[in-house]
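Report on the following structure.
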Amino acid sequence: MIDLMQRLKTARNAGVPLVLITTPDPATLVERIRGAFNGNAPPIVQWDCVRAMLGVNRQGADLINMIVPPPEPGGFAPPPGATLTDAIDLILTRAPDKTILIVHNIQRFTDQSETVQAISNARDPFKSSGKMLILLAPAAKLPIEISNDVMALDDPLPTGPEIEATIDRETEAAGDVYTLEPLAPETRRASIDALIGLPAFTVEQSLAMCLTENHAVRSADLWERKRGALTQGLTMDDGTRSLATMGGLTQIKGFCHLMMKGENPPALFIRIDEIEKAMAGAGGDLSGVSTDQLGVLLSALEDNGWSGAILVGVPGSGKSELSKSLGASYGRRTLTLDLGAAKGSLVGQSEAQIRQMVKTIASMAGNKAFFLASCNKLETLPPELRRRFRAGIWFFDLPSAEEREAIWQVQLTAFGLPLDSPRPADEGWTGAEIRNACEWAKRLRVSPADAAPYIVPIAQSDPDSVDRLRRAAAGKWLSASYPGAYRMPTASTQTAAPARRYVGGPDGTT
């Protein structure tokens, strides 16, 4: 892969006047740009909405002193270069050839017609004079007026070797204060895994804090800091669940086992709960945010070779529980991607956040991310999104009698209840309802059978939705419980038998 600075130098040598660099760490990037153009360097100037124009290198500072005189005492007029359009005009008209102007957070200004016009006006004069305007943003969609004129580059998150170099640098610096043992190879690898996917500054700070607190690098501490440092919309699951605590669903469990033991197994799992709600506005929302998220997700799945499975079924049938348990069962991390949390109120914020989420996932997993999207209404998902989930669409039905027996054993044990506890008539119950019965039996100090009157199974409260899902799945989607496509149950088992009702005391007398 060609280094970003090499790409930037190539663009400059080719006379490219306008460049957009998406970066999670603009301050560090500015320092890298300064270092890349050392020696016989041109003036490099940066602008932001608080500090206005500042020199990045000595030549840039000299230029600022020449073209931006200090404000007059008692003056109220803003100094030259205070606004972005003014700063571009100053570089355009008064700076020498080859000058570089770096603009921070351009995504905050692309909705202003004056800014867009100023950038457009600068294209040809900058090209003829060898000047360059570098626009920085965490992510940005440029207006159509300038999108074809600006060369887009990406500043990737630190790679494994770059993080390893940071680990060496920080541990060496900490060695002046603490007595540190040399890092064992396994500790080094674990630390890199814990830090990959974070910006360079965050990597450095996480290491510094862990060394300060523990006098040694512990990957568990780094993971905990990473949990709080992930970009908005991504959260890390606690990794405490396991497939061993789930009853039934033997077919999809078997598929996952073969996948994890097969060639090129996933390194990271990404959960998306109720994806149909997140994508409901795609193509119809006036802001275009949902449509943009869909486009970014489609491109990311395709470009990175990511795959996944769509989990459809009756609420409470184990879709979310499977997605939470799979990673921990095979020693992999699981992230939850919340597309709703990625939507921001400011212009460009939503677009920036979904792109940063994708960049984080790519940095952590490469091409080995696997998506698990739960869904209750598949018909609302765009067909092009369904096709990206190449591991298939799996249907989670109401559990069979054999599956319910396995679920009862798991849940009774989990809540410390006797395995021979009286149970209700459970035909049509989901795994979540069995869990609820055991939980309330524990809390109320009664048997699961006595807790049953406080639970109304979904097969009883909303049988039409269960029937619609079954008819939609029949012969089309994979069964999560048995081999092959899902088959409609016989007429005698399509609806649930009513649960036993108790009237009287907690001892179950009627």
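Computed quantities for the displayed model
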| item | result |
| --- | --- |
| Filter pass, residue 85 being in contact (Cβ under 8 Å) with a residue 12 or more places away in the chain, under 37 Å from the mean Cα position of the chain (by Cα) and in a loop (DSSP other than H, G, I, E, B) | no |
| Positions within region 88-129 being open to solvent by 20 Å² or more (accessible area, probe 1.4 Å) and part of a loop (DSSP other than H, G, I, E, B), in sequence order | 96, 97, 98, 104, 105, 109, 110, 111, 112 |
| Subset of region 277-326 that is of a type in the set (D, E, K, R) and at pLDDT 85 or above - its residue that is nearest to residue 394 (Cα to Cα) | 319 |
| Residues that are β-branched (Val, Ile, Thr) and assigned to a loop (DSSP other than H, G, I, E, B), drawn from region 38-56 | 50, 56 |
| Check on residue 192, open to solvent by less than 50 Å² (accessible area, probe 1.4 Å), at pLDDT 85 or above, under 20 Å from the mean Cα position of the chain (by Cα) and farther than 23 Å from residue 353 by Cβ | yes |
| Residue match in region 388-408 (condition: of a type in the set (Lys, Arg), surrounded by 14 or more Cβ atoms within 10 Å (Cβ to Cβ) and touching a residue at least 12 places away in the same chain (Cβ under 8 Å)) | yes |
| Checklist (1) open to solvent by 30 Å² or more (accessible area, probe 1.4 Å); (2) touching a strand residue (DSSP E or B) at 6+ places or on another chain (Cβ under 7 Å) applied to residue 234, failing item | (1) |
| Matching option when the condition is closer than 19 Å to residue 246 by Cα and touching a residue at least 12 places away in the same chain (Cβ under 8 Å), among 373, 369 | 373 |
| Criterion violated by residue 336 - all others in (1) open to solvent by 20 Å² or more (accessible area, probe 1.4 Å); (2) touching a Lys or Arg at 6+ places or on another chain (Cβ under 7 Å); (3) polar (S, T, N, Q); (4) modelled with pLDDT under 85 satisfied | (4) |
| Residue match in region 360-383 (condition: open to solvent by 20 Å² or more (accessible area, probe 1.4 Å), hydroxyl-bearing (Ser, Thr, Tyr) and touching a strand residue (DSSP E or B) at 6+ places or on another chain (Cβ under 7 Å)) | no |
| Residue 147 being open to solvent by 40 Å² or more (accessible area, probe 1.4 Å), within 27 Å of residue 353 (Cβ to Cβ) and within 30 Å of the chain's Cα centre (by Cα) | yes |
| Of all residues in region 1-40 being of a type in the set (Lys, Arg) and out of contact with any helix residue (DSSP H, G or I) (no Cβ under 8 Å at 6 or more places or on another chain), the one that is least open to solvent (accessible area, probe 1.4 Å) | 12 |
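The values are calculated or read from the model by the stated rules, or taken from the named source; none is laboratory data. These numbers were taken from a predicted model, which means no experiment stands behind them. Note that we place each Cβ from the backbone using ideal geometry, even for glycine, and neighbour counts take in every protein chain shown. SASA here: full protein model, heavy atoms, side chains in, ligands and nucleic acids out. Shrake-Rupley method; radii C 1.70, N 1.55, O 1.52, S 1.80 Å.
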